[in-house]
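The structure appears below as structure tokens.
No lab work stands behind these numbers, since they all come straight from the coordinates. Nothing here was measured: the structure is a model prediction, and the numbers come from that model. All Cβ positions, glycine included, derive from the backbone under ideal geometry; neighbour counts span all protein chains shown.
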Amino acid sequence: MNRAITFLFLFAVLIGCTTDDQQRPTAEQAKDFLTEYQKIATTEGPVISSAFWISSNFITHDSQVVAADYSKRYTLKGLEEARIAATFDDIELEALDRRALNLIKNGFVMPPPLNEELAGELSIIMTELEAMYGTGQHCFTEDDCYDLEAFENIIDSSRDPNELLKAWSGWREIGKPMKDKYLRMVDIGNQGSKDLGYSGLSDLWFSKYDMPSEDFAIMVDNVYEDIQPLYEALQCHVRAELNQIYGDSVIPLNEPMPAHVLGNMWAQSWSNIFDLVYEEEESTSIDLTNIILEKNLSETEMVEIAENFFLSLGFDKLPETFWQRSLFTKPQDRNVVCHASAWDIDTQNKDLRIKMCIQKNEEDFITIHHELGHIFYYQAYSDLPEIFQSGANDGFHEAVGDLLSLSITPNYLEKINFITPEESAEAKRNGISLLMKQALDGVVGVPWTLMLDKWRMAVFDGKLNDQELNDYWWELREKYQGIQAPIDRPSDAFDPGAKYHIPGNTPYTRYYLARILQYQFHESLCNSIGFDGPLHECSIYGNELAGEKLRSMLSLGQSKPWQEALEAMIDDKELSGKAMLNYYAPLKQWLDQENEGRACGW
Ligand code: X8Z
Ligand code: ZN
């Protein structure tokens, strides 16, 4: 047992023995505890991160054993720390110390009870689920096998409904064997959440937003009410256009759209079917995939271009080790979790990495910006105590790179020599085309990112029996997105398992928040740099003032409630859909005209 662990152990015993006022913990002891916490986090955090990096980068039996073991021990220690933090609940403390202790208490995603056996079982299940997704493949016959990337190649570009259906259903086979493990995991996680003083996992997950969890849920729904008319107008238009192409038998006009023809495995972004839903008189739209291929850009060059955007805002260069240790391409000789992620392995030694199987297309070019958003956030708050090294809330962390993507405008692309001045002028002349392209990702993502955790909450709260699990998933997809499964789902289906964040246990409301926040950030920065054209033409590229504003918010980490961090940057404390509506106002007007005479809704 090392010195730090011994300290924690003794401290726990000491606190556990307190019986009278004289032995009540003091503010000074709280400070000592936080100092020790900081030491442990900085010495042990990097080793644990390395163990997880190995297990996601080399999925083997042994890497999983090691990761599950580290995860168990790390979680048990975290629970012990949370218990100690709770002993300071009733004493008066400096505000920052109080915040730090609260963060230590609620930093869990899937906590087991403080019990070695259950912690071990939970870690194994979680590691297995992640590996099942990472190694997932489906074979139709012995020599006709597909992994996610192979299935996605079909879903993203094929226009043949039968081929699409085969790929769509094939990938969903990988969800089936996850169901029982998933339910057992939820069971243990609920027990652990209760032990921490929450009513269950839902309460724990929604208690991280500097406001009561019930108020947070209401706020999230209220914002969606504002966005809903825009989404419904877009859905109506897309359905009508697809109906023209595929006919009534594939796309019936009075029903939700089938999920396999929308250009994305989860129908969460429809940019890949842009050409099907927006007709142009001449070809004025910018095709980034083509440009990337024509310029013969390597994966590394794609990342360098995204880095350069951040540098233009005054951010520091990425460390050399980022380039040496990141994973940019899918290895041919081993299994990795390809779902893109950003890693803060060791802040003190500036060991930051991304892990992504980059494909040379527009979608991944945008995702690279997303991932670098995380990395530059890590860099911006690296001087804070470890416990504050996180986003103002998790949605802020997801929104940074997405904010930059809104600045990939024709003017920007012209500046970096991706397009000519003539092409840029041409693209700007057709603002609806630009907005449609953005909306097929940005607007389409809103109901999807909202419904996903609604499903998860229902599972966490024990509201669904075994047979209802999959049906409720589709009930919510229909209700929020106007989408349905293209074929009846078999009774053993577990379709949520075919989306990374379910087996990977990544909370998803963060992306909903990001979808909204990115427009709030964009509008405010564009106003503050004096831009007075349409918001979709504003790019903050090269603007140091915008960079400074952004950086000063990022450097707060989670040392302040998110409402204060938001106010510091945009002068407003509220999450609001107004900025998004302003951004898309010209498109909404256009959609309303197009939809005249169409029967919208589902
Ligand atoms: O998972 C991600 C990022 C990593 S944090 C690639 N995203 C969500 C998804 O892929 O489902 C970004 C958009 C939503
Ligand atoms: Zn992300």
Inverse of mean 1/r across different Cα pairs in the stretch 170-276, Kirkwood, Å: 17.6
Space enclosed by the convex hull of the alpha-carbon atoms of the stretch 431-567, per residue, Å³: 150
Ascending count of other beta-carbon atoms within 10 Å, so fewest first, for Y583, Y74: Y74, Y583
Theoretical ellipticity at 222 nm over the chain - DSSP helices of four or more residues, -39500 (n - 2.57) apiece, nearest 500: -19000 deg cm²/dmol
Amide H within-cut-off set for T347, under 5 Å, with H built and near neighbours excluded: none
Loop-located GluC sites (Glu not before Pro) in the stretch 248-353 whose Cβ has at most 14 other Cβ within 10 Å (DSSP): E279, E280, E281, E282
J(HN,Hα) series, the stretch 424-435, from Karplus relation 6.51 cos²θ - 1.76 cosθ + 1.60, nearest Hz, glycine and proline x: 5, 4, 4, 5, 5, 4, 10, x, 5, 4, 4, 5
Hz values of 3J(HN,Hα) by residue in the stretch 177-191 - Karplus curve (6.51, -1.76, 1.60), Gly and Pro given as x: x, 7, 4, 5, 4, 4, 5, 5, 4, 4, 4, 5, x, 5, 4
Cα gyration tensor shape of the chain, rounded if a/c is under 1.5, else prolate or oblate by comparing a/b with b/c: prolate
The stretch 230-277: C-alpha gyration tensor shape, a/c 1.5 cut-off, then a/b vs b/c: rounded
Sum of side-chain charges, E214 neighbourhood, beta-carbon under 12 Å (Lys, Arg +1; Asp, Glu -1): -3
Charge context of K317, other residues only, Cβ under 12 angstrom, K/R +1, D/E -1: -3
Cα-based shape type of the stretch 487-602, given that a ≥ b ≥ c are square roots of the gyration tensor eigenvalues and the cut on a/c is 1.5: oblate
Under 11 Å, Cβ to Cβ, from Y381 - net charge with Lys/Arg +1 and Asp/Glu -1: -2
Relative contact order for the chain, counting Cα pairs under 8 Å that sit 6 or more residues apart, in percent: 19
